[in-house]
Structures are given as structure tokens and as C-alpha cells.
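The values are calculated or read from the model by the stated rules, or taken from the named source; none is laboratory data. Quick caveat, the model's predicted, so the values are computed rather than measured. Don't worry about glycine lacking a Cβ; one is built from the backbone with ideal geometry, like all the others, and counts go over all protein chains shown.
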Amino acid sequence: MPFKNILVPLSGAANNSDAQSLESAFHLATRFSAHVNALHIKIDPRTAAAFVGEGMTSTMIESVIEMAEKDGEERRQRAHALFNEMSSRMSIPAINDIADRPVSGGATARFVEKQGNREDTLHSYGRLFDLIVICKQNDEEEINNDLIINTALRETGRPVLLMDKAIAADCGKRVVLAWNGSVESSRALTYSLPFLKAAEKVMLVSAIDDLHEDIHPEAVLRYLTMHGITADRCEITGSNGKSTAESLLAQAKKCDADLLVMGAYTRSRLRRLFFGAVTEEILAHCPIPVLLAH
């Protein structure tokens, strides 16, 4: 299924992460004739009162709420201004409703405002999109950014494209597809088909550990062939002194990959205890965009 409806959560933070994710989404929209929903969730300032300490006077609480309201409005204005500037600069028509999309197709976008808890709003609103695009952050916004990423991955049931900076317009020329036989890697495989079909090179990397049964990578190759995709194949194990994530990243570098596709959080808590948390390590250290599905 092609990417036709793309979601980009915009935090309105005073950094360039929103611009990086929005630019990436607009590149994909142009490439796949898709529609981009730029979603800004404004936190209800009254919820700020729940985080103040005991003993605060009503005046102090009102001051906290006022500051939260001011910060929320500044974020909303930044997010909306960025959307208007980038949609104009990248020639993406901005529309008010999906019904306004031209019959001829092509890339379009709209700015969507919601108010409430960011995680609660995202996990319900985000379930009707083909792809969610998020730029990682490592500044004072990192905690909120991690919450949004985890909500998108664990609660929406949708694939999530994560990056450190804006992707190239032709991202996905050389794709590494990680396979461990899990339900999550199966979903990632299916969701990534638009990228895989357009790729010049696909490398199927089978990740094997000591507790896993046969994961049948040859069946994956047959599946890809049915979709007109030719892939090379290699295996990585935990017996080479490296973690699974390190071996996977090394293989991606060897292939000069510009996109990594993998299932997210595919191991039980017990297995993560023994073998490490692959997803967290990839998110922390992967230098290329990652398409994940849970």
C-alpha cells in the first residue's frame, strides 16, 4: 500500500526539529502524491496546576497556568508559521480539508490543531495514517520527544519514520531490511514496500540469537520476489562480540544504506534483559533514517 496519508507531529519547540520532520514529510508527499497532516497538540494550561507543589497559593497557581498558556500559544504560533513558510517554499498546496484535494492528485498538506494531552491525542488521532514522521531531539525537548516517539510506535499501530535530520528527496535507494521472524518485523516489511519497490538495492539482514527458532529468511526472499523486489541476503548473530544493534549498524554502513527497516520492541522484557534492548540502541546510535513498526 503506498503512503497516501502522512502525519507529522509538530511540537512548536524553538529548535529545527519540526522543520526537519516537515521537510521530510513534504519530500515523501511529493514522491508518493500524498497528503500531509501537520499536527500541533496544544497542552491544556490547566493541567499545569497538577504539577505544582503543595503549599502554593492560588496566586502562584494562576501564575503557573498563565506561563503555561503563554508557552503553549508561542509554540502554536511557531508551528503554524513554520507550516505556512515551508509549504509555500516547497510548493506544497495547503488545504483546509481533505475534501479540497484536487482530483488530479499530487502532494497537499494541512495544519491541524488539537488541545489536550499530547500522548493521549496522538495515540487516538494517529491510527488512521499510512506513516508517521518524527525527527529525534537531544536537547531540553528530548523527554517530550521520547514520549511522542514511544506513543507513535507502541499505541498507534502505524509505521514510524525517525531521523536525525531531514531525509533526502530520494531516500531509500539502498535499504537494509532487518528480519528476526517476529510479528513486528513482518509488519515493518509490509509497511516498507513502497520504499523497497523503488530501491536500487535491498539487503535482507537476518538477526539470529540463541533463543530463536528458524526464522526462514528464504521465505522472506520469496515474498519480496512476489512483489517484484530482488534482495541480497546476509546473517548476523550475537557470537561476534558485538550486540545485535552494533552488527546491524555495521552491516548498514557496509551496504552504504540510506534507510534501515526493522520491527520495534520485538523482544519480551526477559529477553531484553539477557540480549539487550536493540530498538533503544538503534534509536540512540543509528546515523540514517529508520522505519519502525511495532
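Residues that are modelled with pLDDT under 95 and charged (D, E, K, R) within segment 165-186 comprise just one, GLU184. In segment 116-222, counting only strands (runs of 3 or more DSSP E) that sit wholly within it, the ones holding 1 or more residues that are among the polar types (S, T, N, Q), under 25 Å from LYS254 (Cα atoms) and outside the structural domain of PHE26 (by TED's automatic domain parsing) span 201-208.
Taking segment 92-114 as the range and being surrounded by fewer than 16 Cβ atoms within 10 Å (Cβ to Cβ), in a loop (DSSP other than H, G, I, E, B) and either among the polar types (S, T, N, Q) or within 20 Å of the chain's Cα centre (by Cα) (or both) as the test, the residues that pass are ASN96, SER104. Taking each residue of segment 97-125 that is more than 15 Å from SER87 (Cα to Cα) and looking for partners that are surrounded by 16 or more Cβ atoms within 10 Å (Cβ to Cβ) and acidic (Asp, Glu) with beta-carbon atoms closer than 9 Å, six or more apart or interchain, yields GLU119/GLU155; LEU122/GLU155; HIS123/GLU155; SER124/GLU155. Please work out which residue is nearest to the chain's Cα centre (by Cα), limiting yourself to segment 55-91 and to residues that are among the small types (Gly, Ala, Ser) and either over 18 Å from LYS4 (Cα atoms) or outside the structural domain of ALA25 (by TED's automatic domain parsing) (or both). My answer is ALA79.
Applying the set (1) touching a helix residue (DSSP H, G or I) at 6+ places or on another chain (Cβ under 7 Å); (2) crowded, with 16+ Cβ neighbours inside 10 Å; (3) of a type in the set (A, V, I, L, M, F, W, C) to ALA199 leaves exactly one unmet item: (1).
Before we move on, is GLN115 in contact with a helix residue (DSSP H, G or I) (Cβ under 6 Å, 6 or more places away or on another chain) and of a type in the set (S, T, N, Q)? When the stated conditions are applied, GLN115 does not pass them. The set of residues in segment 80-89 being surrounded by 16 or more Cβ atoms within 10 Å (Cβ to Cβ) and not hydroxyl-bearing (Ser, Thr, Tyr) consists of HIS80, LEU82, PHE83, MET86.
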